Amino acid sequence: MLQITDLHATVADKPILKGLSLTINPGEVHAIMGPNGAGKSTLGYTLGGRPGYEVTGGTVTFAGQDLLALEPHERAAAGLFLGFQYPVEIPGVSFLQFLRESLNAQRRARGETELSGGAFLQVAKLRAGLLKMDLDMLKRPVNVGFSGGEKKRAEMVQMGILDPKLAILDETDSGLDIDALRVVGEGINTVMRQPGKAVLLITHYQRLLDYVKPDFVHVLAGGRIVRTGGPDLALELEERGYEAVAA
Amino acid sequence: MSQVAALPTRRDEDFRYADLAALTPLWPVAAEQVRVPGGEAQTMTLILAGGEAVARELVVTLGAGASFDLRVLNANGAYGRVALRAELGEGANFTLGAAQLAAGEQVLEIVTQVVHAAPDAVSRQIVRSVAGGQASVNYLGKVLVAKGASGTDGEQSVRAMLLDRTATANARPELEIHADDVKCAHGCAVGELDANGLFYMAARGIPPETAKRLMLQAFVAEAFAGAAEEEALLEQALAALEAML
Ligand SMILES: Nc1ncnc2c1ncn2[C@@H]1O[C@H](COP(=O)(O)OP(=O)(O)O)[C@@H](O)[C@H]1O
Ligand SMILES: [Mg+2]
């Protein structure tokens with residue numbers, strides 16, 4: 001589904017990703033762990049096509065296409081979802097309006113028919129319910145006045161509505177209390193643990209992985225993947241720290 | 001803003017950024033009088049969306065306890081100027097909500113002088129301007145609090161969004177206060193569309209033009225919140241935005 005080969009990327013002319021390779025197959029959950037500043041968010045943004053994140057080498061194929069040749073909104077329509085570490089506030093635009101525009105823009109791009117207002121609301125209600133979020137919250141402007149935890153849950157509601165092929169979730173667990181963590185974990189499983197879908201979890205901590213069991217755990221340090229293992233690697237990291245494990 | 005017979009020049013404060021060539025054939029501009037008697041409430045909607053240069057001059061007098069709600073959509077295809085002088089009696093309430101949408105080489109401007117002549121009057125001015133291309137959008141606004149007008153509450157919230165580096169916004173909120181116990185706030189900001197917001201929308205599949213439109217729509221809507229003709233104003237503003245993007 002996703003094949004990253006020898007990816008190099010710079011931010012503000014500073015090399016951050018330095019030869020990163022990673023293959024994710026349908027049905028798999030991968031976790032990327034690593035110290036602060038390792039380049040985890042940079043990887044997510046680079047795959048999402050954020051302006052200012054310049055690819056200087058390597059290739060990325062996603063669902064049979066050259067991902068790097070697509071505009072950011074085209075990547076989303078192709079089935080890529082990027083859950084933000086810091087979700088952005090958009091004053092004056094309601095979540096419902098934003099999500100309906102998003103979903104219908106993606107559907108148009110894929111040559112599918114748009115959802116009517118009623119049909120969209122049904123999907124939104126279902127997905128909000130899954131994340132134990134009141135639909136009324138989605139009448140508010142995008143992320144404005146939401147707590148850190150609410151923003152993260154709202155990211156998962158968005159993922160549920162957009163129903164991507166691959167979700168890259170950047171520290172979705174940070175800012176969540178124990179109960180919210182479980183709800184979010186179950187939400188990810190319900191939406192993404194489906195045939196033909198895959199997840200890349202970016203996280204600092206083992207705790208989300210108790211709910212969303214990864215098939216592979218990678219350690220990112222210095223802009224590359226320095227170790228890959230099974231779920232046990234996350235436990236080892238928790239116990240011994242990145243430095244010992246990455247060395 | 002008294003009746004000047006002679007054509008103004010750049011030296012006249014109120015015409016500092018005006019398109020004087022476009023103004024010349026319109027000069028002198030006749031003042032339109034609006035009197036809101038004590039205790040009464042009036043609303044007014046001005047939409048400038050034609051292709052010819054327009055200059056309007058309003059002189060509004062609010063009696064004690066009167067209220068006047070003025071909304072302006074300035075999206076004129078040529079020079080568009082709305083000048084306004086409002087004098088507020090005791091406890092009067094004045095609202096100006098204005099949006100200006102300028103593209104190409106348009107010059108659009110709003111020039112206000114709000115005089116708090118008596119105690120306890122409230123004035124709120126919200127101006128939201130968008131400029132692209134070589135256009136300029138101007139707001140020159142003075143709030144004057146006369147001697148003895150204690151308890152005045154005057155607010156000016158002025159923001160402009162530039163879509164291109166070649167566009168210009170001039171924003172000058174001013175205060176002149178001759179009384180004690182006065183609450184006056186003014187905020188003024190010129191900026192560009194939030195790049196983080198644009199990428200966030202793109203990451204959800206929204207194409208750049210739609211993302212811009214959504215953000216600008218929300219920005220402009222702030223000027224029309226609570227207006228009697230909010231829907232109609234938003235619809236016209238949207239049509240004007242559509243033409244700009
Ligand atoms: N906009 C930016 N400008 C300059 N440097 C940046 C920018 N964003 C990130 N970096 C740098 O890139 C490196 C990786 O950051 P990031 O990908 O956010 O790490 P992580 O998510 O693993 O904590 C850090 O050294 C950080 O300082
Ligand atoms: Mg990060």
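At a glance:
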quantity	calculated
For peptides A:30-38, B:7-15, sequence by mean Cβ density within 10 Å, most packed first	A:30-38, B:7-15
The protein assembly as shown - mean residue ellipticity at 222 nm from DSSP helices (-39,500 (n - 2.57) per run, n ≥ 4, rounded to 500)	-8000 deg cm²/dmol
Whole-Å semi-axes of the ellipsoid equivalent to the stretch A:2-246 (Cα gyration tensor, √5λ, descending)	28, 21, 16
Assigned charges on the beta-carbon of Lys, Arg, Asp, Glu; chain A dipole about Cα centre (debye)	420 debye
Lysines with Cα under 23 Å of A:LYS18, excluding same-chain neighbours fewer than 8 positions away	A:LYS40
For A:100-108, mean number of other protein chain Cβ atoms within 10 Å	4
Among beta bridges that DSSP assigns inside chain A, antiparallel share in %, nearest 5	60 percent
Net lengthening on full extension, A:SER116/A:GLN194 (0.36 nm per residue, minus Cα-Cα)	25.5 nm
Computed over the stretch B:13-192, Cα set: Rg, Dmax in Å	16.0, 47
Eligible lysines near A:LYS152 by straight Cα distance, threshold 16 Å, same-chain separation 8 or greater	A:LYS132
B:THR9-A:LYS14 pseudo-label distance in nm [points 7 Å out on the Cα-to-Cβ vector]	5.4 nm
Percentage relative contact order, chain B, counting C-alpha pairs under 8 Å, at least six apart	13 percent
Debye, to nearest 20: dipole size of chain B, +1 on Lys, Arg Cβ, -1 on Asp, Glu Cβ	460 debye
By average C-beta atoms within 10 angstrom, highest first, the peptides B:193-201, B:87-95, A:225-233	B:87-95, B:193-201, A:225-233
Lys, Arg +1 and Asp, Glu -1 on Cβ, resulting dipole of the protein assembly as shown about Cα centre, debye, nearest 20	860 debye
Distance in nm between pseudo-label sites at B:GLU222 and B:TRP27 (7 Å out along the Cβ direction from Cα)	3.5 nm
Cα pair count fraction exceeding 33 Å, expressed as % - the protein assembly as shown	49 percent
Relative contact order of the stretch A:1-40, pairs being alpha-carbon contacts under 8 Å that are 6 or more residues apart, as %	36 percent
Translational D in µm²/s for the stretch B:113-214 (Stokes-Einstein at 4 °C, 1.567 mPa s, Kirkwood Rh from C-alpha pairs)	83 µm²/s
Distance violations [Cα-Cα > 26 Å] among A:LYS151/B:LYS212; B:LYS147/B:LYS183; A:LYS139/B:LYS142	A:LYS139/B:LYS142
Relative contact order computed over the stretch A:2-246 (Cα-Cα under 8 Å; 6+ residues apart), in percent	28 percent
Inter-part distance where the stretch B:189-243 and the stretch A:176-247 are each reduced to a Cα centre, Å	38 Å
B:ARG165-A:SER174 pseudo-label distance in nm [points 7 Å out on the Cα-to-Cβ vector]	3.3 nm
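None of the figures in this text is laboratory data; all of them are computed from the coordinates on show. Please read these numbers as outputs of a predicted model, since none were measured by experiment. As a convention, Cβ positions derive from the backbone with ideal geometry for all residues, glycine included, and neighbour counts pool all protein chains shown.
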